[in-house]
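Colleague: Dumping the structure here so I can ask a few things about it.
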Amino acid sequence: MTLVVNELSAGYGQLTALRNVSFSVEGGEILAIIGANGAGKSTLLKTIAGQLRAFTGSVVLDGEDVTSLSASARARRGILMVPEGRRLFPSLTVKENLQLGTSTGRKGDWNLDSVCELFPLVAERLNRVAGQMSGGEQQATAIARALVGNPEIIMLDEISLGLAPAIVVEFYDRLGEITRRGTSVILVEQDVKRALSVADQVHCLLEGQTSLTGRNLDFADIAAAYFGTGHR
Amino acid sequence: MLGGLYAIFAAGLSLIFGVMKIVSLSYGAFAVLAAFLALHFTQATGWPPVLALLVVVPVMAAFGWALQRFVLQRTLGTSALPSILVTFGIAIIIENVLLITESADQKRMSLGWIDTAALDLGLIRLGVYPLGLFVLSLVLLGILAWVMAKTQFGRAVRAISEDAPTVELLGIRPKMIYAWAGAIALALAAIGGVASGIQTSFSPTSGGMLLIFAFEAVIIGGIGSLWGTFLGALVLGVAQTVGANYFPSQGILIGHIVFLIFLAFMPQGLSGKVKRS
């Protein structure tokens with residue numbers, strides 16, 4: 001599978017939050033999107049997912065241009081996002097949240113049983129009402145809910161926010177299990193070191209534009225791109 | 001036993017208002033429309049009104065689907081005002097079309113002997129028809145509750161009422177879900193309308209009263225809870241009946257007073273589920 005994002009621009013009303021961003025992701029790869037607050041990371045994910053309409057540019061999945069498709073149509077084609085803030089359905093149980101995740105209608109390795117194996121945290125809480133769980137439990141459930149949809153590419157928006165480091169380590173350890181089956185991952189992360197430890201590719205955003213992109217980058221270069229110091 | 005009839009009405013409204021957050025002022029008019037459709041159907045074919053339901057319900061359900069999908073869907077947004085205006089307009093249109101095509105007379109459908117049949121249980125006499133309606137309302141609400149709790153569609157409806165954008169991220173098309181919910185709601189309105197048309201007389205303008213009763217039942221019972229709505233309908237029915245016993249011809253007023261008391265002191269309703277507005 002290949003996801004190609006080409007000269008993508010998007011924003012909110014008059015505000016252009018994202019400008020001419022381009023990259024591509026292959027099957028089984030992990031792409032880390034890093035940048036300061038307000039750099040446009042979440043905007044990028046929402047535009048790829050279809051929640052935001054792109055001003056210019058395109059999103060192409062396996063050769064098919066999905067830029068004009070709705071979010072639900074993209075989800076059915078395998079572009080799944082775990083949104084910022086988890087966004088579980090609070091009055092539904094964990095199991096019901098997961099069951100809704102199968103609405104993509106996609107077949108694959110992931111189902112209720114296999115995600116429960118991957119996340120024992122979720123398995124133990126199937127009948128718990130989603131709104132009454134801790135941050136870590138909710139995050140695991142949100143990721144599991146996207147996984148049962150059998151994504152081609154799963155996009156994780158700041159999964160470490162507000163969570164204890166030990167739990168975050170556990171999530172990152174599991175990323176390997178996800179990519180092993182050919183699923184790609186786009187990771188939006190504030191914690192740059194954490195993101196770099198797993199990423200094949202890094203894309204740094206600064207004020208809505210690409211400031212650095214590549215593989216095996218020098219940390220000093222990344223820091224400069226993140227903060228906007230150094231050469232532009 | 002009046003509660004059974006109200007429960008059927010109110011269930012549909014509970015779905016539209018409580019879940020989809022649409023203020024459907026045309027709900028009562030649809031019920032009356034269904035009653036007139038059934039009336040003409042029985043007059044044309046000579047079939048009993050119950051069989052007319054077999055035709056009227058699917059027709060109304062299909063109409064509800066289309067109305068939601070193509071008209072009401074566009075009124076959804078942050079403000080409740082568009083849906084209020086549109087559905088109010090629809091109600092007026094339906095009422096006036098009916099007034100023109102039918103007369104303003106009271107009409108009534110009959111089930112024959114069942115109309116006045118009653119069970120004598122010593123202390124009280126239970127009308128067979130109201131009893132049957134009560135049982136029917138239990139069955140219908142039970143089915144609806146099961147659908148909401150156990151089916152993927154029901155889960156989707158509950159999820160949409162909490163977070164529609166995230167539902168889209170999972171591959172579900174909210175418009176379809178809303179459309180089918182609209183169909184179910186109007187099917188319930190149709191059943192309620194025909195049932196009411198058998199029990200009491202109706203005319204093109206009866207829709208307003210039915211609408212009020214349905215809203216009262218939903219609010220007494222608590223917005224967002226199906227069984228709450230059922231209880232609310234029962235409370236309303238009992239209030240009206242008991243009230244009529246003590247103050248003949250003021251039964252409906254007593255019902256309104258009870259509703260106002262609930263609104264003042266227990267606005268979250270019997271089920272206590274408070275939803276964000």
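The values are calculated or read from the model by the stated rules, or taken from the named source; none is laboratory data. Every value quoted in this text rests on a predicted model; they were computed, and no experiment measured them. As a convention, Cβ positions derive from the backbone with ideal geometry for all residues, glycine included, and neighbour counts pool all protein chains shown.
Colleague: Suppose the filter is in contact (Cβ under 8 Å) with a residue 12 or more places away in the chain, within 14 Å of chain A (Cβ to nearest Cβ) and surrounded by fewer than 24 Cβ atoms within 10 Å (Cβ to Cβ); does B:R158 pass it? Talk me through it step by step, then tell me what you get.
Modeller: On the way: in contact (Cβ under 8 Å) with a residue 12 or more places away in the chain: yes; within 14 Å of chain A (Cβ to nearest Cβ): yes; surrounded by fewer than 24 Cβ atoms within 10 Å (Cβ to Cβ): yes.
In short, yes.
Colleague: Here is a follow-up. β-branched (V, I, T) and buried (at least 22 other Cβ atoms within 10 Å of the Cβ), is that true of A:V82? Reasoning before the result, please.
Modeller: Working: β-branched (V, I, T): yes; buried (at least 22 other Cβ atoms within 10 Å of the Cβ): yes.
Here the answer is yes, as A:V82 does meet what is asked.
Colleague: Determine which single condition A:I154 fails, assuming it passes every other condition in (1) part of a strand (DSSP E or B); (2) more than 14 Å from chain B (Cβ to nearest Cβ); (3) under 14 Å from the mean Cα position of the chain (by Cα).
Modeller: (2)
Colleague: Mind listing whichever residues of region A:97-118 are within 22 Å of B:R173 (Cα to Cα), small (G, A, S) and more than 13 Å from chain B (Cβ to nearest Cβ)?
Modeller: A:G108
Colleague: Those residues that are part of a strand (DSSP E or B), among the small types (G, A, S) and closer than 21 Å to A:A54 by Cβ, I need them from region A:184-224; list them, please. Please lay out each step first, then the result.
Modeller: At the first step, the residues of region A:184-224 found to be part of a strand (DSSP E or B) are A:184-189, A:201-206, A:209-214.
This time we only want the ones that are among the small types (G, A, S), so: A:184, A:211, A:214.
Within region A:184-224, A:S184, A:S211 meet the criteria.
Colleague: Among the residues that make up region A:130-141, is at least one of them within 21 Å of A:R53 (Cα to Cα), hydrophobic (A, V, I, L, M, F, W, C) and surrounded by fewer than 21 Cβ atoms within 10 Å (Cβ to Cβ)?
Modeller: Among the residues of region A:130-141, not one is within 21 Å of A:R53 (Cα to Cα), hydrophobic (A, V, I, L, M, F, W, C) and surrounded by fewer than 21 Cβ atoms within 10 Å (Cβ to Cβ), which makes the answer no.
For (1) acidic (D, E); (2) at pLDDT 80 or above; (3) closer than 30 Å to A:M81 by Cβ; (4) outside any loop (DSSP other than H, G, I, E, B), each residue gets a yes or a no:
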residue: B:I172; (1), (2), (3), (4): no, yes, yes, no
residue: B:A179; (1), (2), (3), (4): no, yes, yes, yes
residue: B:A190; (1), (2), (3), (4): no, yes, no, yes
residue: B:G193; (1), (2), (3), (4): no, yes, no, yes
residue: B:G232; (1), (2), (3), (4): no, yes, no, yes
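Colleague: Could you count how many residues in region B:161-176 are more than 7 Å from every other protein chain (Cβ to nearest Cβ) and either crowded, with 23+ Cβ neighbours inside 10 Å or of a type in the set (S, T, N, Q) (or both)?
Modeller: Quick first cut of region B:161-176, residues more than 7 Å from every other protein chain (Cβ to nearest Cβ) only: B:161, B:164, B:167, B:174-176.
If we keep only those that are either crowded, with 23+ Cβ neighbours inside 10 Å or of a type in the set (S, T, N, Q) (or both) too, we end up with B:161, B:167.
Residues that pass the stated criteria total 2.
Colleague: Something else now. In region A:101-120, how many residues are surrounded by fewer than 21 Cβ atoms within 10 Å (Cβ to Cβ) and either in a helix (DSSP H, G or I) or small (G, A, S) (or both)?
Modeller: The total comes to 10.
Colleague: Same structure, new question: Spot the failing condition for A:T56; the list is (1) within 20 Å of A:F23 (Cα to Cα); (2) at the interface with another protein chain (Cβ under 8 Å from one of its Cβ atoms); (3) touching a strand residue (DSSP E or B) at 6+ places or on another chain (Cβ under 6 Å), and only one is missed.
Modeller: Every listed condition holds for A:T56 apart from (2).
For every residue, the table says whether it meets (1) under 20 Å from the mean Cα position of the chain (by Cα); (2) among the polar types (S, T, N, Q); (3) within 14 Å of chain B (Cβ to nearest Cβ); (4) farther than 30 Å from A:V5 by Cα.
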position	(1), (2), (3), (4)
A:G78	yes, no, yes, no
A:K95	no, no, yes, yes
A:P120	no, no, no, yes
A:A142	yes, no, yes, no
